[in-house]
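*Asks:* Have a look at the structure that comes next, please.
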């Protein structure tokens, strides 16, 4: 699934920056108060704000107008996005980032919030619904895309496993003995594991393919039968006790199995490439005045 267009996201960030800066300047500085000085010469808040409008104002106003057009079209055509649809798409994003923890780390590193992502994603889904009648995808396009990207549709062998990581061999053997005596793996992971990223969910690692984990860990995980628990495995991180939950065999790329994914990918690409044309067409239906517009 495509993410929000970069230029749209950048414009949104710039808009937020300008608005926030404007509010800050309005409420914290008087008209003549300086925001900086250069060789004794003051730089006023008005000079700063004028420069911000000069550099970012046109693009920001364009974005506001675009958002209002999308909202108006959605209202006119009764296009909505249900909470279940939005949550499903958020779930897909979390999978792309390897789960809840990876997704939250991505939010933090991008200095954003789940609420902000939901808002942008909802607007993007609405846009896709509005543009859908104008977008055509042929079987020939789909087959060509499959042939050119066949490797990305093949699936490598995968293992779903959990682990308990401890620092020393003595503790590892003690935990293994408890497991041999019938104690619950997830409960022991929460109690003993030093892996802060997995201990709270019982040591679950999810599915992974070869090349994801260190060699010593992978060699055991891929050779261990389903529902079996390994003896302690030493790596540079400490001693692991591994439990294999399930396995997925390697699968060659298959066009029929990949059609839905291919169609979604091509649809997202066309939304991106045809967005400006669609928007220009819709603008003709509205009375728009933009004093900052750079168009002749």
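*Asks:* So residue 49 fits all but one of (1) surrounded by 15 or more Cβ atoms within 10 Å (Cβ to Cβ); (2) modelled with pLDDT of 90 or more; (3) over 25 Å from the mean Cα position of the chain (by Cα); what number is the exception?
*Replies:* Unmet condition: (2).
*Asks:* What is the one condition in (1) in contact (Cβ under 8 Å) with a residue 40 or more places away in the chain; (2) more than 28 Å from the chain's Cα centre (by Cα); (3) not in a loop (DSSP other than H, G, I, E, B) that residue 274 does not satisfy?
*Replies:* Failing condition for residue 274: (2).
*Asks:* If you don't mind, there's one more thing I want to ask. Here is a list: 2, 20, 16. Which entry is surrounded by fewer than 13 Cβ atoms within 10 Å (Cβ to Cβ), under 23 Å from residue 276 (Cβ atoms) and either modelled with pLDDT under 80 or not assigned by TED's automatic domain parsing to the domain that holds residue 265 (or both)?
*Replies:* Numbers: 2 fails: surrounded by fewer than 13 Cβ atoms within 10 Å (Cβ to Cβ); 20 fails: under 23 Å from residue 276 (Cβ atoms).
Unique residue meeting the criteria: 16.
*Asks:* Which ones in region 191-208 are outside any loop (DSSP other than H, G, I, E, B) and at negative phi? Break it down into steps so the answer makes sense when it comes.
*Replies:* Filtering region 191-208 for residues outside any loop (DSSP other than H, G, I, E, B) gives 191-192, 199-201, 204-208.
Correct list: 191, 192, 199, 200, 201, 204, 205, 207, 208.
*Asks:* Quick one: which of 174, 140, 183 is farther than 29 Å from residue 201 by Cβ and either in the same structural domain as residue 267 (by TED's automatic domain parsing) or without any contact (Cβ under 8 Å) to a residue 40 or more places away in the chain (or both)?
*Replies:* Numbers: 174 fails: farther than 29 Å from residue 201 by Cβ; 183 fails: farther than 29 Å from residue 201 by Cβ.
Just a single option satisfies the conditions, and that option is 140.
*Asks:* Would you tally the residues in region 82-126 being surrounded by 15 or more Cβ atoms within 10 Å (Cβ to Cβ), out of contact with any helix residue (DSSP H, G or I) (no Cβ under 8 Å at 6 or more places or on another chain) and part of a helix (DSSP H, G or I)?
*Replies:* So the answer is 3.
*Asks:* May I ask you to say which residue of 234, 176, 263 is modelled with pLDDT of 95 or more, in a helix (DSSP H, G or I) and over 31 Å from the mean Cα position of the chain (by Cα)?
*Replies:* On the way: 234 fails: in a helix (DSSP H, G or I); 263 fails: over 31 Å from the mean Cα position of the chain (by Cα).
When all the criteria are applied, what remains is 176.
The values are calculated or read from the model by the stated rules, or taken from the named source; none is laboratory data. Please read all numbers here as calculations on a predicted model, not as lab measurements. Reconstructed Cβ throughout: ideal geometry from the backbone, glycine too, with neighbour counts over all protein chains shown.
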